[in-house]
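Visitor: Following this message is one structure expressed as structure tokens.
The values are calculated or read from the model by the stated rules, or taken from the named source; none is laboratory data. In this text, all values refer to a predicted model and were calculated from it rather than measured experimentally. Methodologically, a virtual Cβ is constructed for each residue, glycine included, from the backbone with ideal geometry; neighbour enumeration extends over all protein chains shown. Just so you know, the surface numbers come from the protein's heavy atoms only, side chains and all, with ligands and any DNA or RNA stripped out. Shrake-Rupley method; radii C 1.70, N 1.55, O 1.52, S 1.80 Å.
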Amino acid sequence: MTTDTPPLVSLQAPKDVSIDELETSLSSIWQSYSNNDDGLAATRATTFTFIVYEPEGTQQLLTALGFYSGPIDGIAGPRTTAAIKAAQKAYGLEVTGKSNPQLLTKLQEAFAQAIEEGKLTSSDQKSLQPYPSDLEGAGLADAIAAVNPCRIITLCPTTGEDEGVSAQVSAYCPINKRTQQTLICCEYVTLRGTAAALDRIGGMISELVISELPKYIWWKASPEPDYGLFKRLAAQSDSIIFDSSTFMAPQTDLIRIGEMLEQNMPIADLNWGRLAAWQELTAEAFDAPERRSAIEEIDKVTIDYEKGNPAQALMFLGWVASRLKWLPVAYTSEGGDYDIRRVTFMSPDKRTIEAELAGVPIADAGDVAGDLISIKLSSTNLQADCCTVLCSETTGCMRMEASGGAQSCRIQQVTSLADQNTEQLLGQQLRRWGRDHLYGESMDLTYKILKLVSS
């Protein structure tokens, strides 16, 4: 999948239709185009069905501005209602507990002002717009459709009044998929309504999925395993895709993903893909014959990440622990400026391993919340040749080297993965069949670590 999106031929611009006539409306697009005068024919989606669940921005804005602390799920539950009422009261609006255009405008203005006054962290700012818009044939959906002609069903839960579900259909054909006199095209269906309204038509949404093709869900929200619509869609999906870098409550949401993996759900996490270079260099550091046995001497792990979201750090630690068969036995969180978390493991030969995760405040953070900064693997045995430092920038290396220790460390810098953006990672995921067993094993350890907190 490339980042250069080929131009698209508009077969049908977004058109409002009745939800009862969605399939009829889609079929009429192809029938009308096959009867045109230029001799061209249009072929419908041929690769997969892609469902995107994308809540409106109300909850993100309420969260960033301090009114809301619940999951970003588009569900107008008691906490969302209370947060909306608090915001409406704070901004002098009519207190209804329902989102509306006036509230959204006020929240956007307050958010922009808070950024200007430096009152929001970089993580707060990233939480609002984690992805470009996928609506109306723009953004990532176009990039996907240009390479993989498919049916894209975008579900847009709102937090306003429940007025049922509105629907739009459209169709676009990437020029690079044109063969002779045929255009291979992508179909778009966009459904807007409250989470409850979308749940009511869950059966109709399931019927829109093309049965003979693979089915993917991109759930751009907090995991909601008890939400009826999620359960219905997940039951018929080949892959449920999340991005843990956008989770507002990472520990809680990672625990939910761990629970779903235990139930054998086909889960994927785009944020897991961002760890590939760190994993490869870690493994490479112990490839040399003289260092292979030294890996068993590791009993200290230090991980620095950009403060705000510990998901990458926790998953990397879970990966290391799963490879070396460490069992987590204690987890403490100290908070503070560096949001220190400590995890104690027991190795198969009964050695104690101590891990420290530190959220480093970064003034100019990257595009992904919680990116790794540096990693150090070392040993209290000063004779062991296992000390390894990986870092994404010079300052990261300097911090790890300055942490002391008499061991000589192997130091490597991780090359920037600018091409590992959301589009790239999503494209890779949409070409993958079956479960990622390495991810599953690593998340199993991450889940066990996090369960120590709740216990």
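Visitor: Looking at Pro266, Pro310, which is the one that is closer than 25 Å to Ala321 by Cα, buried (at least 22 other Cβ atoms within 10 Å of the Cβ) and under 18 Å from the mean Cα position of the chain (by Cα)?
Guide: Details: Pro266 fails: buried (at least 22 other Cβ atoms within 10 Å of the Cβ).
After applying the criteria, what remains is Pro310.
Visitor: For region 350-372, how many residues meet the condition of being in contact with a Lys or Arg (Cβ under 8 Å, 6 or more places away or on another chain), closer than 19 Å to Ala321 by Cα and β-branched (Val, Ile, Thr)?
Guide: 1
Visitor: Ok, one more. Could you check region 199-213 and list, in sequence order, the residues that are at pLDDT 90 or above and open to solvent by 20 Å² or more (accessible area, probe 1.4 Å)?
Guide: Within region 199-213, Asp199, Arg200, Ile201, Gly203, Met204, Ser206, Glu207 meet the criteria.
Visitor: Continuing with the same structure: Looking only at region 147-174, which residues are farther than 21 Å from Trp219 by Cα and open to solvent by less than 20 Å² (accessible area, probe 1.4 Å)?
Guide: Ser170, Ala171, Cys173, Pro174
Visitor: Those residues that are outside any helix (DSSP H, G or I) and either closer than 18 Å to His437 by Cα or modelled with pLDDT of 95 or more (or both), I need them from region 260-296; list them, please.
Guide: Those that are outside any helix (DSSP H, G or I) and either closer than 18 Å to His437 by Cα or modelled with pLDDT of 95 or more (or both): Gln263, Asn264, Met265, Pro266, Ile267, Ala268, Asp269, Arg274, Leu275.
Visitor: Among the residues of region 297-316, which ones are over 22 Å from Gly336 (Cα atoms) and not in a helix (DSSP H, G or I)?
Guide: Ile298, Asp299
Visitor: Filter region 199-226 for residues that are polar (S, T, N, Q), over 24 Å from the mean Cα position of the chain (by Cα) and part of a helix (DSSP H, G or I) and give the result.
Guide: Selection gives nothing.
Visitor: Right, something else. Report whether or not Arg256 is open to solvent by 20 Å² or more (accessible area, probe 1.4 Å) and at pLDDT 95 or above. Before the answer, list the steps.
Guide: Values: open to solvent by 20 Å² or more (accessible area, probe 1.4 Å): yes; at pLDDT 95 or above: yes.
Yes; evaluated as a whole, the condition is true for this residue.
Conditions tested, residue by residue: (1) at pLDDT 80 or above; (2) surrounded by fewer than 21 Cβ atoms within 10 Å (Cβ to Cβ); (3) in contact with a His (Cβ under 6 Å, 6 or more places away or on another chain).
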position: Thr43; (1), (2), (3): no, yes, no
position: Phe48; (1), (2), (3): yes, no, no
position: Glu56; (1), (2), (3): no, yes, no
position: Gly66; (1), (2), (3): yes, yes, no
position: Pro71; (1), (2), (3): no, no, no
position: Gly74; (1), (2), (3): no, no, no
position: Pro78; (1), (2), (3): yes, yes, no
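Visitor: Another one. Please work out which one of (1) more than 24 Å from the chain's Cα centre (by Cα); (2) among the hydrophobic types (A, V, I, L, M, F, W, C); (3) under 23 Å from Leu438 (Cα atoms) is the condition Ala330 fails and give its number.
Guide: The number of the failed condition is (3).
Visitor: Of the residues that make up region 288-302, is at least one in contact with a Gly (Cβ under 8 Å, 6 or more places away or on another chain) and open to solvent by 30 Å² or more (accessible area, probe 1.4 Å)?
Guide: The answer is no; no qualifying residue exists.
Visitor: Criterion first (modelled with pLDDT of 90 or more and either open to solvent by less than 40 Å² (accessible area, probe 1.4 Å) or closer than 22 Å to Val320 by Cα (or both)) does Gly427 satisfy it?
Guide: no
Visitor: While we're here: Sort out which residues of region 84-136 are assigned to a loop (DSSP other than H, G, I, E, B), modelled with pLDDT of 80 or more and aromatic (Phe, Trp, Tyr), and write them in order of number.
Guide: Answer for region 84-136, where residues must be assigned to a loop (DSSP other than H, G, I, E, B), modelled with pLDDT of 80 or more and aromatic (Phe, Trp, Tyr): just Tyr91.
Visitor: Which residue is farthest from Pro214 (Cα to Cα), if the candidates are limited to region 235-247 and must be aliphatic (A, V, I, L, M) and crowded, with 22+ Cβ neighbours inside 10 Å?
Guide: Ile241
Visitor: Which one of the conditions (1) small (Gly, Ala, Ser); (2) under 19 Å from Gly273 (Cα atoms); (3) in a loop (DSSP other than H, G, I, E, B) does Ser245 fail to meet, given that it meets all the rest?
Guide: (3)
Visitor: Within region 274-318, count every residue that is of a type outside the set (A, V, I, L, M) and within 22 Å of Thr380 (Cβ to Cβ).
Guide: 13
Visitor: Just give me the residues in region 334-350 being over 14 Å from Asp299 (Cβ atoms) and either open to solvent by 80 Å² or more (accessible area, probe 1.4 Å) or charged (D, E, K, R) (or both), in sequence order.
Guide: In the first step, residues of region 334-350 are kept if they are over 14 Å from Asp299 (Cβ atoms); the result is 334-341.
Selection gives Glu334, Asp337, Tyr338, Asp339, Arg341.
Visitor: In region 179-198, how many are open to solvent by 30 Å² or more (accessible area, probe 1.4 Å) and either under 25 Å from Ser27 (Cα atoms) or part of a loop (DSSP other than H, G, I, E, B) (or both)?
Guide: Within region 179-198, residues that are open to solvent by 30 Å² or more (accessible area, probe 1.4 Å) and either under 25 Å from Ser27 (Cα atoms) or part of a loop (DSSP other than H, G, I, E, B) (or both) number 6.
Visitor: Let me ask something additional. Please determine whether any residue of region 319-327 is farther than 23 Å from Arg410 by Cα and not in a loop (DSSP other than H, G, I, E, B).
Guide: Checked against the condition, which is being farther than 23 Å from Arg410 by Cα and not in a loop (DSSP other than H, G, I, E, B), region 319-327 yields at least one hit.
Visitor: Now a separate question. Residues in region 351-374: is at least one open to solvent by less than 10 Å² (accessible area, probe 1.4 Å) and among the hydroxyl-bearing types (Ser, Thr, Tyr)?
Guide: Within region 351-374, one or more residues are open to solvent by less than 10 Å² (accessible area, probe 1.4 Å) and among the hydroxyl-bearing types (Ser, Thr, Tyr).
Visitor: Can you tell me which residue among Ala311, Ala285, Ala294, Ala277 is more than 20 Å from Gln412 (Cβ to Cβ) and of a type in the set (A, V, I, L, M, F, W, C)?
Guide: Ala311
Visitor: Of Arg399, Arg435, which residue is in a helix (DSSP H, G or I), at pLDDT below 90 and among the basic types (Lys, Arg)?
Guide: Arg399
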